[in-house]
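Notes to accompany the following structure.
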Amino acid sequence: MRKIKYIVFGILILFFLLWSRCVNAKFITQTQIIMSTEVTIIAEASFEDIQKAFDVIKKVDSLMNDYNPQSEISVLNREGKKEVSPMLREVILKSIHFSRITEGAFDITVGPLVRLWQRMGYERRLPTPRELKDTLSLVDYQKIRINGKMIFLEKKGMRLDVGGIAKGYAVDKAVEVLKKMGVKNALVNAGGDMYCLGEGPHGKWRVGIQHPRKMNEIVGIIEVKDKGIATSGDYRRYYMIRGKRYSHIINPATGWTVQDIPMSVTIIAPDATTADALATGVFVLGPKRGIELINNLPGVEGMIVSEGMQIVKSRDWHKFEH
Ligand code: AMP
Ligand code: MG
């Protein structure tokens, strides 16, 4: 009799636990436009906690957006030196790290080249060899000097552009805030640069990888938990010059925009900053050197889609495939 009582009690507790899990498993979704992109947070959290996560993304934007002339990065670019906040310093330090491991393919000193290509887009022409040479002379991550909080750009006319890493960094900062609030399950997505914390409403987070040419199709689904994911694609932003597509990602070695190969690069990494920077860097390296690099980095996987829908995957990519 006593045994039966315990069993009934046990079943009741189990039932209660399952029931309370269902009641608590409330995911809230919110979207805001920040950093010129759609930022979505889906989290098992309160409205207020999600708001705090958005606030830190806005903070990163206010420091690093170079369209805003008052941002720290704009002042640094204008004056060639500036005492910067710990956040911008961290992004610059991490960027230099990614420049080193990608042998310069990822380089935030591409600012002058980005401007040159923007101008070419407006003027609908290609740069002259002279324009390319002059602009390239301003691009070199080794000419960023850091002394405590001070950042110096060693050559006049140098400009930093953190567009290839800042969204991933902002995502990681938002996840940090959510974790501090005790949130266990969330997805923070800043226009394709994201972090999947814990699990979603139905188990591991599932992420579809966009077909680089057919906007309503996907080329695969991955299932992840506690991972950063980023995709760099030539389809998102590009310049059309004389009927040809020039991608917004530039090869710092040649000054030319990266064309045709690859069409998209998706990276899975331990954090969103790494995924974002490597997606941009591997885009420049191309499929062969790109996959070689990924296979040498512990905890990093990648998939590259090239012209003709040729797909290459890193060694353990399949472990995340759904
Ligand atoms: P993403 O969409 O993350 O690949 O970032 C692309 C953006 O990064 C561009 O719009 C530029 O602002 C910047 N960028 C372009 N080429 C490079 C490069 N080789 N290394 C670092 N950032 C780059
Ligand atoms: Mg990137």
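The values are calculated or read from the model by the stated rules, or taken from the named source; none is laboratory data. This one's a predicted model, so the numbers in the text were calculated from it and none came from an experiment. Note: ideal-geometry Cβ built from the backbone for every residue, glycine included; neighbour counts use all protein chains shown. Each accessible area value is taken on the protein alone, full model and side chains, heavy atoms only, with ligands, DNA and RNA left out. Shrake-Rupley method; radii C 1.70, N 1.55, O 1.52, S 1.80 Å.
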Fully extended contour minus Cα-Cα distance, from residue 132 to residue 146, at 0.36 nm per residue: 2.3 nm
Accessible surface of residue 211 - all protein chains present, 1.4 Å probe, nearest 10 Å²: 20
Overall form of region 158-222 per C-alpha gyration tensor (a/c, 1.5; a/b vs b/c): oblate
The chain, relative contact order [Cα under 8 Å, separation at least 6], %: 16
Residue 30 versus residue 253: modelled label distance in nm, points set 7 Å from Cα along the beta carbon direction: 4.5
Centroid-to-centroid separation of region 77-155 and region 200-227 [C-alpha atoms, Å]: 32
Accessible area of region 14-320 belonging to carbon and sulfur atoms, whole % at 1.4 Å probe: 52
Computed E for residue 206/residue 181 - FRET, C-beta separation, R0 22 angstrom, nearest 0.05: 0.35
Which listed pairs, of 58/133; 94/227; 133/173, have C-alpha distances above 28 Å, in listed order: 58/133; 133/173
Formal net charge of residues neighbouring residue 97 (Cβ-Cβ distance under 14 Å; K, R +1; D, E -1): -2
Percent of Cα-Cα distances greater than 28 Å, calculated over region 135-283: 30
Label point 7 Å beyond Cα of residue 315 along Cβ direction - residues of region 263-300 with amide nitrogen under 20 Å: 266-271, 275, 278-279, 282, 286-300
Potential extension, residue 38-residue 235 segment - 0.36 nm per residue separation minus Cα distance: 69.3 nm
Local electrostatic count at residue 41 - Lys and Arg +1, Asp and Glu -1, tallied over other residues with Cβ under 12 Å: -3
Relative contact order computed over region 114-178 (Cα-Cα under 8 Å; 6+ residues apart), in percent: 17
Environment charge at residue 157 (Cβ cut-off 14 Å; Lys +1, Arg +1, Asp -1, Glu -1): +2
Helix axis angle, 111-123 relative to the chain longest principal axis, alpha carbon, degrees: 80
Accessible area of region 178-293 divided out per residue, in Å², using a probe of 1.4 angstrom: 41
Tensor-based shape of the chain (alpha-carbon gyration tensor, a/c under 1.5 rounded, otherwise prolate or oblate): prolate
Pairwise FRET efficiency - residue 55 versus residue 221, Cβ, R0 = 25 Å, nearest 0.05: 0.20
